[in-house]
C-alpha cells in the first residue's frame, strides 16, 4: 500500500464528500498565489477540476511536451485529467489564490 498523500505547502483541501478514498471524492481546494504542485498521476482515477475563483493552469505531460490548460472565471472553467496522465497545477498569479473544486472518480466505477 502506498503512503498517504499530503498536500504541498500553499495548498489547502476541504473534503466536501467522501472519506478521502475513491470511487468518488469531492473537495474544495485553494492554491496560494504563485504556488505549483508537484507532478503526479492517478492510475485508477480521473481528476475533474472546476475553477470557482482566481486562475489556474493545469499542465499535462504529452508525447510532444507539456499541454498548458488555463482555467478562469471568465474563460474555460473546467478540465478533466484522465487516469494515468502526469500533471501538475500552477497558480500563475501573485495577487489571488486559485479556488477550485476537484472530483476524483475511480475509473473502475464508471457506469455504477
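Taken together, the values in this text are just the output of simple stated rules run on the coordinates, not laboratory data. Quantities reported herein were computed from a predicted structural model and do not represent experimental measurements. Counting neighbours? That spans all protein chains shown, and the Cβs are built from the backbone with ideal geometry, glycine included.
Label separation (residue 50 vs residue 94): 3.3 nm, computed from points 7 Å beyond Cα along the C-beta direction. The modelled label-to-label distance between residue 74 and residue 40, using points 7 Å beyond Cα along the C-beta direction, is 3.1 nm.
Per-residue Cβ neighbour counts within 10 Å put 85, 40 in the sequence 40, 85, beginning with the fewest.
Using a/c under 1.5 as the rounded threshold, could you call region 16-107 rounded, prolate or oblate? The axes a ≥ b ≥ c are square roots of the C-alpha gyration tensor eigenvalues, and prolate needs a/b larger than b/c, oblate otherwise. It is oblate, given that a/c is not under 1.5 and a/b is not larger than b/c. First measure r as the distance between the Cβ atoms of residue 63 and residue 28, then evaluate 1/(1 + (r/R0)^6) with R0 = 25 Å and state the FRET efficiency to the nearest 0.05. Step by step, r from the Cβ atoms, then E = 0.15.
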